[in-house]
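First the structure, in the form of structure tokens, and then the observations on it.
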Amino acid sequence: MGNTSMCQSPFLNLSEAAAFLRLYPRTLDNMRQRGTGPLYSKHGSRIVYHRDDLVAWSNERRRRTTTEKEPRPMAAPKSLADTKAPSDEFSTDDEAPDT
């Protein structure tokens with residue numbers, strides 16, 4: 001019985017992560033250098049990718065049509081502060097201060 005069946009690590013090395021995403025390892029290297037690839041960690045001198053980060057990165061790039069050049073950014077949840085009514089600091093007759 002092999003070691004991998006006893007302990008399935010959620011961390012994948014470069015080759016495993018590239019295979020998981022069906023990319024070439026060099027493509028994943030380039031994406032990491034440009035900051036456009038999935039999140040990664042360094043364990044000592046080794047670069048590893050968590051499975052959940054690979055899935056999340058892939059899901060962020062989902063599109064509905066081929067005409068979408070960039071994936072739509074996911075909207076951040078609104079906080080209560082964002083939903084408050086505007087303050088009555090200036091009435092309609094007041095001028096806003098010059099900046």
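The values are calculated or read from the model by the stated rules, or taken from the named source; none is laboratory data. What you see is a predicted model; the values in this text were computed from it and never measured. Here the Cβ positions follow ideal geometry from the backbone for every residue, glycine too, while neighbour counts run over all protein chains shown.
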Counted residues, segment 24-74 - those being touching a strand residue (DSSP E or B) at 6+ places or on another chain (Cβ under 8 Å), surrounded by 12 or more Cβ atoms within 10 Å (Cβ to Cβ) and charged (D, E, K, R): 2
Elements of type helices (runs of 4 or more DSSP H) contained in the chain, each with 1 or more residues being modelled with pLDDT of 90 or more: 14-21, 25-34, 51-60
